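Dumping the structure here so I can ask a few things about it.
The values are calculated or read from the model by the stated rules, or taken from the named source; none is laboratory data. All figures in this text were calculated on a predicted structure; none of them were measured in a lab. All Cβ positions, glycine included, derive from the backbone under ideal geometry; neighbour counts span all protein chains shown. For accessibility, only protein heavy atoms count, side chains too; no ligands or nucleic acids. Shrake-Rupley method; radii C 1.70, N 1.55, O 1.52, S 1.80 Å.
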2 protein chains.
Amino acid sequence: MPQIAVDAMSGDSGPRTVLLALAGLVKDYPDVQFHLVGDEATLRRELQRSRLRDTEQVQIRHASQVVGMDEAPSQALRGKRDSSMHVAIGLLREGQVDAVVSAGNTGALMALGKVFLRTIPGIDRPAIAAFLPTRKGRVLALDLGANVDCHPEHLLQFAVMGSILFAQVTGTQRPRVGLLNIGSEEIKGNELVKAASALLRQSHLNFIGNVEGSQIYQDGCDVLVCDGFVGNVFLKTSEGLAAMVRQELRASYTQGLYGRMAYLINRPILQKLRRRLDSRQYNGATLLGLNGIIIKSHGNADRLAFARAVEVAIAEARHRLTLEIAKVVQDDLAQVIRNSA
Amino acid sequence: MPQIAVDAMSGDSGPRTVLLALAGLVKDYPDVQFHLVGDEATLRRELQRSRLRDTEQVQIRHASQVVGMDEAPSQALRGKRDSSMHVAIGLLREGQVDAVVSAGNTGALMALGKVFLRTIPGIDRPAIAAFLPTRKGRVLALDLGANVDCHPEHLLQFAVMGSILFAQVTGTQRPRVGLLNIGSEEIKGNELVKAASALLRQSHLNFIGNVEGSQIYQDGCDVLVCDGFVGNVFLKTSEGLAAMVRQELRASYTQGLYGRMAYLINRPILQKLRRRLDSRQYNGATLLGLNGIIIKSHGNADRLAFARAVEVAIAEARHRLTLEIAKVVQDDLAQVIRNSA
C-alpha cells in the first residue's frame, strides 16, 4: 500500500486545509496510508476536530519547526533541521514513505530534495513538471520555474524525464515531445532552443519539433519542454488570463436581474467552463529528477487543490516513477551523446 | 491630414480584405488619406468592385512585386526592390506618408524598416510592441518577438520607448513600467532580467519592479518589458488559451437543444466575452524604434483585424510618435548611464 508523507504545516493554509483534503481522499484511496508531518499537539487537536478522528489511514509524525514561505533555502537546510518539510523528506529518504507532498516554499523544497535525495544519475538538475489541460487532452510542461538559466543539455534531460512521466501516467507510448519556441521553422528561436533542438533531433525521443505558445492548448504536443523562466511565464500567463475570464463571467452574471436569470439557465455550461479554467484542478507539480517523489502544491492551495496534489503523489508512487526514470535515463542520454558525437 | 500607406499585397488575405477594411475606415476618418500600394491593375479592378470606387481618400501607388510570407529578409531586401512592402516604406522615408501598415512577413518588414529608416539614435534594436486588454484597461507589451537574445540595455531601451508610446496614446503621465519576471522579489529571475532590473531602477522611469505572468491581466503595469522570446511566448500563450475558451464555449452552446436555447438567452453576455477574447480586436503591432511609423498586422488578418491595425497607424501618425521618441530617448538613456556610472 502506498505510503504518502504530507507536510501539514508549510504553505499559507495550514493543517486544517490539509485534513479537509485528506478527509475526502481516505474514502477514495482506502489502500493508501497518510503520514501527517508537523507539530504533534496541533495535529492531534485538528485531527480530533476532523472526520479523520477514527481512521487508521492517517498517522502523525512530529516535527517541531516550520519553513517560512520566504525563508532562504540555506536557512531551511541548516537552520531548521526539525521542520515538517525536513522530516517528511527524511521519511522519504529512509524509505518509510513512497512520496512527499508539501505546499511549502519551492526553493527550500527543491534544496532539501537535492541534499537528502540527490538527483538521478545522468540528470544535472531537477525540473518542476505539471500536467495542464488542452483542447483534447493534457500536456506535461517542464521546467516551470526551477532552472531559470539552462544549457541545451538540460532541456534534453527535461525531455527524457518528461517523456517517461507522461508515458507512465497516461499509458501513451512514445509521447510527442515539443520544444516551446516562437515559430515552427527550425531556424527560429534563441541560441538555447536552437542548440536544444539539435540535441533533441538526435535523441531517440519522439521529438516533433517546435511548438508555439498558440499551439500548446490545441494539443500541439504531449510533453512541452522549455527553460524554467519561459515555462514559468507560460504557466502564470495562462493562470492570469484564465482568472480574468472567470472574473468577467462572474461580473456579467451578477450584474442586474437579467444577468442573474441568465446565470441560472446556464449554470451547467458555465460551471463546466469554470472548472476547466480553475487552476486548482491542476494543482500538484512534480520535482522531477530526484531519487524520490516530491510533489509541490500551490502555497495557497485550498482543500480541493491540495487534494489534487496528493492524488498526483499517489499516482506517481503507484508507478514507482523514480525507479523508472533511473532505469531509462542513462541509456537514453548515453545514446544521445553517442549520436551527437 | 494624416497620410497612411497600406501594403495591399502582402499577407495571406490579399487586396480584397484590405479594401473591405478601408471601406469602413474612410467614413470614420474623413481627414485621412490612404495610399494603396501594390499591383496597379489588380488594385484598380478591386477598387472598382468596392464601395471605395468614388472616394478621393484612396490613391493607388504601383508596385510590381510581393514579398512572400516565408521569404528570407535578405531576399526581400535585395531581390525585390519593387515589392509593395519596399515601395510603401520608401514613401515613408521620403516623407510622402506618415505611417505604413503591412500584413507581410515580420522579418522582411523589420529588415526593410532598419535599412530604409534606420533606428532612432540611442536605440540599438527596434522592438515589436502591442497593446493588450487587461481587467481594467490595457497594457503595452514589448518586445513581442523581434529580438530573441537581448542584453539588459536593450530591455532598458524598450522600457523608455514603451513609456513614451503608452503616454502618447493613452495620455497617462509616467506610466508604470513592469519587468516580466517569475517572481515579485528582486532576487528572482534569470541573469538578463536581474541586470535589466538594476538599470531600470536607476532610470527616471516609473519602474514598479517585477511583474509575474499572473499579474499582467490584473493591471499589474502599463508597460510590460521582456525579451522577444519570452514576449512572444507570453503573447501566443494568451492567444492560444483565449482560442481554447472560445472553442469550448462554442461547443457547449451548439450541443443539443438546451445549449442552443441557453445561447439565445445569453447572447449579449457571451458576445461581450467573445469580443474580449478575440485577438483581432488587438491587431496592429508597432515596430518601435525606427525613424518612422510601421505597423505590422497579423498575416491572416480579416477585414476587422486589418482595420484595427490601420487605426493604430492613424493614432500614432497623429501623435507624431517617432519624433517624440527621438526627442526623449537620448536624454533618458544618457541620464541612466550617468546614474549607473
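List the equivalent ellipsoid semi-axes of the protein assembly as shown in whole Å, largest first, each obtained as the square root of 5λ for an eigenvalue λ of the Cα gyration tensor.
After diagonalising the Cα gyration tensor, the semi-axes are 49, 28, 24 Å.
Just which residues of segment A:179-227 lose 20 Å² or more accessible area with every protein chain there, against their chain alone, with the probe set to 1.4 Å?
Going by heavy-atom accessible area, the residues of segment A:179-227 that drop by at least 20 Å² are A:L180, A:I182, A:N190, A:E191, A:E212, A:G213, A:S214, A:Y217, A:Q218.
Please compute the per residue accessible area over chain B with all protein chains in place, 1.4 Å probe, rounded to a whole number of Å².
39
Separate question: Name the trypsin sites (Lys or Arg not before Pro) in segment B:83-179 that are in a loop by DSSP and that have at most 15 other C-beta atoms within 10 Å, would you?
Filter output for segment B:83-179: B:R118, B:R135, B:K136.
For chain A, set up a GNM with springs between Cα atoms under 10 Å and report which of A:I182, A:I325, A:I216 has the largest fluctuation.
A:I182
Sequence gap at least 6, Cα distance under 8 Å: using those rules, report the relative contact order of chain B to the nearest whole percent.
This gives 22 percent for chain B.
Need the per-residue list for segment A:257-272: every residue with at least 40 Å² less accessible surface in the complex of protein chains than in the chain by itself, probe 1.4 Å, sorted by number.
A:Y258, A:I265, A:N266, A:I269
Express in whole angstrom the spacing between the alpha-carbon centres of segment B:210-279 and segment A:227-284.
A separation of 10 Å, based on Cα centres.
Identify, among B:L165, B:I269, A:Q168, the residue whose Cα sits farthest towards the positive end of the charge dipole of the protein assembly as shown, taking +1 on the Cβ of Lys and Arg and -1 on the Cβ of Asp and Glu, with the dipole about the Cα centre.
In the protein assembly as shown, that residue is B:I269.
Treating only the Cβ of Lys, Arg, Asp and Glu as charged (+1, +1, -1, -1), what charge dipole size does chain B show about its Cα centre? Round to the nearest 20 debye.
1000
Compute a Gaussian network model of chain B, connecting alpha carbons closer than 10 Å, and tell me which residue from B:G113, B:G231, B:G171 fluctuates the most.
In the Gaussian network model the winner is B:G171.
Of the candidates A:A141, A:A127, A:A262, which one comes out as most mobile in a Gaussian network treatment of chain A with C-alpha springs shorter than 10 Å?
It is A:A262.
Counting helices only, and only those DSSP H runs with n ≥ 4, report the 222 nm mean residue ellipticity of chain B as the sum of -39,500 (n - 2.57) divided by its residues, in deg cm²/dmol to the nearest 500.
Here the helix-only value at 222 nm equals -16000 deg cm²/dmol.
Dividing the Cα radius of gyration by the Kirkwood radius, what Rg/Rh value follows for segment A:141-228?
0.93
Hey, another quick one. Give me the percent of accessible area attributable to carbon and sulfur for segment A:127-241, probe 1.4 angstrom.
Exposed carbon and sulfur together represent 49 percent of the surface.
How much of the DSSP beta bridge set in chain A is antiparallel, as a percent to the nearest 5?
Antiparallel bridges: around 30 percent, rounded to the nearest 5.
Taking 8 Å as the Cα distance limit and 6 or more residues as the minimum spacing, I'd like the relative contact order of segment A:221-341 as a percentage.
Once normalised by length, the contact order is 16 percent.
For segment A:127-241, give the share of DSSP beta bridges that are antiparallel, in percent and rounded to the nearest 5; count only bridges with both residues there.
DSSP beta bridges in segment A:127-241 are roughly 35 percent antiparallel.
Suppose a student asked you for the relative contact order of segment B:127-241, using Cα pairs under 8 Å spaced at least 6 residues apart; what percent would you report?
39
Could you give the size of the charge dipole of segment B:127-241 about its Cα centre, using +1 on the Cβ of each K and R and -1 on the Cβ of each D and E, expressed in debye and rounded to the nearest 20?
Dipole about the Cα centre, nearest 20: 380 debye.
Chains B and A: how much accessible area gets covered up at their contact, both sides added, probe 1.4 Å, in Å² to the nearest hundred?
4600
Please check chain A for the longest run free of GluC sites (Glu not before Pro) that are loop-located per DSSP (anything but H, G, I, E, B) and have at most 13 other Cβ atoms within 10 Å.
Free of exposed loop sites, the longest segment is A:187-341.
Moving on to the next point. Using a 1.4 Å probe, how large is the accessible area of B:L92, given in Å² and rounded to the nearest 10?
20
Work out the FRET efficiency for B:H319 and B:S184 from their Cβ-Cβ distance, taking R0 = 56 Å, and round it to the nearest 0.05.
About 0.95, to the nearest 0.05.
Determine the shielding of peptide B:273-280 by partner chains: average, over its residues, the number of Cβ atoms on other chains within 10 angstrom of each Cβ.
2
Something else about it: Determine the percent antiparallel among the DSSP beta bridges restricted to the protein assembly as shown, to the nearest 5.
30
Please report, to one decimal in angstroms, the Kirkwood hydrodynamic radius of chain B built from all distinct Cα-Cα pairs.
By the Kirkwood definition, the hydrodynamic radius is 20.9 Å.
Among B:T42, B:Q3, B:A99, pick out the residue whose Cα is farthest towards the positive end of the charge dipole of chain B, where Lys and Arg carry +1 and Asp and Glu carry -1 on C-beta, about the Cα centre.
The one lying farthest along the dipole's positive direction is B:T42.
Under 5 Å between amide H atoms, partner at least 5 residues away or on a different chain: which partners does B:R61 have, H built in plane at 1.01 Å?
Those lying under 5 Å, H to H, from B:R61 are B:L36, B:V37, B:G38.
Could you give the length gained on full extension between B:Q59 and B:A41, defined as 0.36 nm per residue of separation minus the Cα-Cα distance, in nm?
Length difference between fully extended and current span is 5.2 nm.
Helix by helix, which DSSP H runs in chain B go 24 Å or more along their axis at the Cα atoms and have an average Kyte-Doolittle hydropathy of 0.0 or more?
B:152-170, B:228-254, B:321-340
Could you give the size of the charge dipole of the protein assembly as shown about its Cα centre, using +1 on the Cβ of each K and R and -1 on the Cβ of each D and E, expressed in debye and rounded to the nearest 20?
2000
For the pair A:V115 and B:A326, what calculated FRET efficiency results from E = 1/(1 + (r/R0)^6), where r is the Cβ-Cβ distance and R0 = 51 Å, to the nearest 0.05?
According to the calculation, E is roughly 0.40.
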